[in-house]
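Chemist: Below are the structure tokens for one structure; questions will follow.
Each value in this text was obtained by applying a stated rule to the coordinates, not by laboratory testing. The structure displayed is predicted, hence computed values, not measured ones. Here the Cβ positions follow ideal geometry from the backbone for every residue, glycine too, while neighbour counts run over all protein chains shown.
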Amino acid sequence: MKRMGTALAFVAVLVTGIVSATVPAYAVQEVTLKEYPPLEPLHYCKYADGHVAYQREACGSDTTEVSSVMERQRDGRMEHLPLGSKEAADLTGKTAASDPAAKDIANADADVPKSPLRDFWQRMGKWMLFALAVAIVARLLKQSFFLWLILGFVLRMVLVAANVMAF
């Protein structure tokens with residue numbers, strides 16, 4: 001019983017290290033739009049005090065319109081680029097010769113993974129490495145390697161179901 005408690009303590013330390021080193025899991029499903037909703041242009045208006053807000057209506061006379069693209073300044077602040085600057089046009093992809101909606105559709109198709117099996121094998125490799133790490137820790141503590149290999153998979157399932165680790 002003492003060995004089992006020690007093995008569980010080592011597995012807990014292992015899980016804590018892995019969970020803190022990975023990206024937090026959010027239960028968000030990726031969705032690709034086939035039909036794009038009608039978009040309304042937003043106007044980014046900079047007020048006299050330096051505050052920037054976006055609105056659907058055109059900017060008023062007491063504000064100046066700026067680009068939605070932000071650039072980090074030397075002091076660490078993020079500041080909106082002036083409207084019509086070359087950097088803002090390059091970053092947003094808005095050029096006079098091309099339609100932004102067509103570029104968005106082309107980019108959406110480029111984001112689709114090439115092979116679904118590649119994603120499957122990457123995920124299964126992560127699951128196998130986790131179970132193998134648990135089994136190695138158990139073997140170092142003179143426990144059953146195969147039992148803890150199976151328990152490693154079960155532990156990973158529980159952590160994924162509890163939304164602690166990413167799938």
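Chemist: Compare the peptides 157-165, 131-139 by average per-residue count of other Cβ atoms within 10 angstrom and give them in order, highest first.
Modeler: So the peptides 157-165, 131-139, ranked by packing, come out 131-139, 157-165.
Chemist: What is the spin-label model distance, in nm, from F145 to S68 if the labels are put 7 Å beyond Cα along the C-beta direction?
Modeler: The answer from the label model is 5.6 nm.
Chemist: Using the Karplus curve 6.51 cos²θ - 1.76 cosθ + 1.60 with θ = phi - 60°, what ³J(HN,Hα) values do you get for each residue of the stretch 137-144, in whole Hz, with x for Gly and Pro?
Modeler: Ordered by residue, 3J(HN,Hα) equals 4, 5, 5, 5, 9, 6, 9, 6 Hz.
Chemist: Follow-up question, since we're still on this one. Could you please report the charge total around W148, scoring K, R as +1 and D, E as -1 over all other residues with beta-carbon less than 13 angstrom from its beta-carbon?
Modeler: +4
Chemist: Given H placed on each backbone N at 1.01 Å, which residues far from M165 in sequence or on other chains put an amide H within less than 5 Å of it?
Modeler: Those qualifying (amide H under 5 Å, at least 5 residues apart or on another chain) are V160.
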